[in-house]
1. Identify the residue in region 331-356 that is closer than 18 Å to MET260 by Cβ and in a helix (DSSP H, G or I) and, among all such residues, is farthest from ligand 1 (Cβ to nearest atom).
2. Strands (runs of 3 or more DSSP E) wholly in region 66-177 with at least 2 residues that are acidic (Asp, Glu) - which ones?
3. The conditions are (1) within 30 Å of ALA164 (Cα to Cα); (2) outside the structural domain of ALA397 (by TED's automatic domain parsing); (3) of a type outside the set (Ser, Thr, Tyr), and GLY221 fails exactly one of them. Which is it?
4. Considering only residues that are over 20 Å from the mean Cα position of the chain (by Cα), within 12 Å of ligand 1 (Cβ to nearest atom) and within 29 Å of PRO105 (Cβ to Cβ), look in region 48-72 and name the one that is surrounded by the most Cβ atoms within 10 Å (Cβ to Cβ).
5. For region 332-360, give me each residue that is within 16 Å of ligand 2 (Cβ to nearest atom) and surrounded by fewer than 12 Cβ atoms within 10 Å (Cβ to Cβ).
6. Considering only residues that are over 25 Å from the mean Cα position of the chain (by Cα) and either closer than 16 Å to GLN152 by Cβ or surrounded by 15 or more Cβ atoms within 10 Å (Cβ to Cβ) (or both), which ones fall in region 106-131?
7. Tally up the residues in region 244-278 that are within 16 Å of ligand 2 (Cβ to nearest atom) and assigned to a loop (DSSP other than H, G, I, E, B), please.
8. What are the residue pairs meeting all of these: first residue in region 426-437, first residue under 15 Å from GLU222 (Cα atoms), second residue of a type in the set (Ser, Thr, Tyr), Cβ atoms under 6 Å, and 6 or more apart or on different chains?
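The values are calculated or read from the model by the stated rules, or taken from the named source; none is laboratory data. Since the structure is predicted, the reported quantities are computational estimates derived from the model, not experimental observations. Positions of Cβ are generated from backbone atoms using ideal geometry, with glycine treated the same way; all protein chains shown enter the neighbour counts.
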Amino acid sequence: MERSNRLSSYPLLRFPFLLFLLLSSSAALTAATSENANKGASFSAAEAEAAVSRFQEYLRINTSQPDPDYATAVRFLRAQADALSLESDVFEFAPGKPLLLLRWPGRIPSLHALLLNSHTDVVPAEPLKWVYPPFSAALDPSTGNIYARGSQDMKCVGLQYLEALRRLRAADFAPDRTIYLSFVPDEEIGGNDGAGRFAASEKFQKMKVGVVLDEGLASPGEEYRVFYGERSPWWLVIRARGAPGHGAKLYDGSAMENLMKSVEAVRRFRAAQFDLVKAGVKAEGEVVSVNLVYLKAGTPSPTGFVMNLQPSEAEVGLDIRVPPNADTEALERRIAEEWAPSSRNMTFEFKHKVSVHDLFGKPAITAADNSNPWWMLLEEAMKKANGKLSKPEIFPASTDSRFFRERGIPAFGFSPMANTPILLHGHNEFLNKDEYLKGIEIYESIIKAFASYKGDTKDEESRAEL
Ligand SMILES: *[C@@H]1O[C@H](CO)[C@@H](O)[C@H](O)[C@H]1NC(C)=O
Ligand SMILES: *[C@@H]1O[C@H](CO)[C@@H](O)[C@H](O)[C@H]1NC(C)=O
């Protein structure tokens, strides 16, 4: 998940982890571990150990922003691909930011391809706040938890794809559709130089991708979470002007006074949206979130600010997240008329504004119902692997999926981690080894279903001609 969103979206992330530590004393944990062990039953002990050690090896490569070791990661992944006889290619859509593309050709080239996307970079970690060093991938023998930055976000997914292909290869599976794996850079700093440039490339067009899988979130419960869209960031700056004046004078129309009226309106709106989430009427991803991220005003002096002067300018920065189905016209009207009315000498400017629509003007979402055969295949494949999906959700922040959805390509955000506290970007990020192994089986089932789906071949062919 993109870095800039994390703190505002998940202020309580660390709390569940503490809870988890408190609760995980012996009995509860032993039960959970033995149950998980059964889930990975289709791996021999040797296979399980080898898969886990490959995962650890990937985790030990320091691909932390701002200076990720992409070269080592690509070398490692390419060696894995060679061992599986997958075709591989490295692209630098942005210099110094390699993207590794793997390919397993399908039997029916006219069918659209399946793309399994994952990013290779991770967010930085503060080693002193971790129980185990963040790039050690230490496996706690008493719990089976593997601690590492990237264990959830999202090196697990990248290698689970590969391990699933390894098992499908071993079972002599032959895909009808071509399967691509993209290992992309840059996601944690916005993704524009990674998945962004990739999705916009000629190469990508030629791949004829019909469906994409990308990252989701861990789930503390038994059910796996799946995301079919995400909120669009609108980063808004509102500026107020007003007559400057003596700090002792009461008068109307100062910049501060004008801005505070807006801040109050923003706060009321925020509280109303948040109330919908608190009351369980809407999920987090279904409301417009607004958070104040900075306030800027005052007249600087050598010791701080001039205290007896009301300034002539003041501004506020807002991080707004807009769900794909939101009434954006109404929101824009609210901004222009209530939050930054010119009648109050206010102006506004978007620093960053991602459309909630795809390039064809439709809401950038992937249908998660029976109108979409990929959705039905996903549900069925989960069932076959004894996994349960929870109600599909809108991702509260941003992932690389948006670059594919905006091109009208169906994309699901899904990281197979149940029974796992959400620790992405947090201290002591970990994934249990049995959950990891279970996730491989789940991908095996999904990839098999997707790559064997022949659908309406003619329909796809004619679409490809357009
Ligand atoms: C990982 O790489 C980052 C640079 O992106 C560096 O600051 C950090 O110290 C490295 N961590 C370790 C454990 O080598
Ligand atoms: C807007 O600015 C003008 C010119 O400075 C001023 O006369 C007017 O009173 C201001 N209006 C408000 C509502 O602040």
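1. First, pick out the residues of region 331-356 that are closer than 18 Å to MET260 by Cβ: 334-335, 337-348.
Now drop any that are not in a helix (DSSP H, G or I), which leaves 334-335, 337-339, 342-344.
Numbers: ARG334: 41, ILE335: 38, GLU337: 45, GLU338: 43, TRP339: 38, SER342: 45, SER343: 49, ARG344: 45 Å.
Looking at the filtered set, the residue picked out is SER343.
2. On the way: elements: 87-94, 97-104, 113-119, 145-147.
Here the list reads 87-94.
3. Answer for GLY221: the failing condition is (2).
4. Going through the qualifying residues, I end up with ILE61.
5. Filtering region 332-360 for residues within 16 Å of ligand 2 (Cβ to nearest atom) gives 336-348.
Within region 332-360, SER342, SER343 qualify.
6. Initial filter on region 106-131 (over 25 Å from the mean Cα position of the chain (by Cα)): 106-111, 128, 131.
Once the filter is applied, which keeps residues that are over 25 Å from the mean Cα position of the chain (by Cα) and either closer than 16 Å to GLN152 by Cβ or surrounded by 15 or more Cβ atoms within 10 Å (Cβ to Cβ) (or both), region 106-131 yields GLY106, LEU111, VAL131.
7. First, the residues of region 244-278 that are within 16 Å of ligand 2 (Cβ to nearest atom): 244-245, 249-265.
Within this subset, residues satisfying the condition of being assigned to a loop (DSSP other than H, G, I, E, B) are 244, 249-254.
Residues meeting the conditions: 7.
8. LEU431/SER151; GLU435/THR420
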